[in-house]
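The values are calculated or read from the model by the stated rules, or taken from the named source; none is laboratory data. Since the model is a prediction, treat every value here as computed from it, not as a measurement. Each accessible area value is taken on the protein alone, full model and side chains, heavy atoms only, with ligands, DNA and RNA left out. Shrake-Rupley method; radii C 1.70, N 1.55, O 1.52, S 1.80 Å.
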Amino acid sequence: SYKCTGLSHITLSESTTEICYGAFYDCANLTSVSIPVSVTTIEYMAFGNCANLTKVYCKALTPPALGVNAFSLCSSLQTVYVPASAVDAYNNADGWKDFQIVVE
């Protein structure tokens, strides 16, 4: 999916546990991604340079560990949607606290 221009939305499988290094790097038309409960790690630059990414829906109650620059250069990304019971956890988690955390 690296440098993919055909993706606008990604809903990852419930069997996904990790989003690897650069997996969706530079996907120019990606606007939203839905990350399932099963994801525990989002590695370095996984969504780097996705300039049109505006919405991340993260279903996990425990914020996945973020690699350095996991969402680097995502200039349009400001809001992450999470379960209501997880808002405080995301607001206090490294990397996640840089975004506006909103109840999904």
Handout entry: With every protein chain in place, region 1-93: carbon and sulfur % of accessible area (1.4 Å)
Key = 51
Exercise for the section: Enter the accessible area per residue of the chain (Å², integer; probe 1.4 Å; all protein chains in place). Expected result: 50
Practice task
Compute the length gained on full extension between residue 9 and residue 54: take 0.36 nm times their separation in residues and subtract their Cα-Cα distance, giving the result in nm to one decimal.
Solution key: 15.2 nm
Exercise for the section: Multiply the residue gap between residue 17 and residue 44 by 0.36 nm, knock off their C-alpha separation, and tell me the result in nm, one decimal place. Expected result: 8.2 nm
Handout entry: All lysines inside 23 Å of residue 3 as judged from Cα atoms, apart from same-chain residues fewer than 8 positions distant
Key = 55
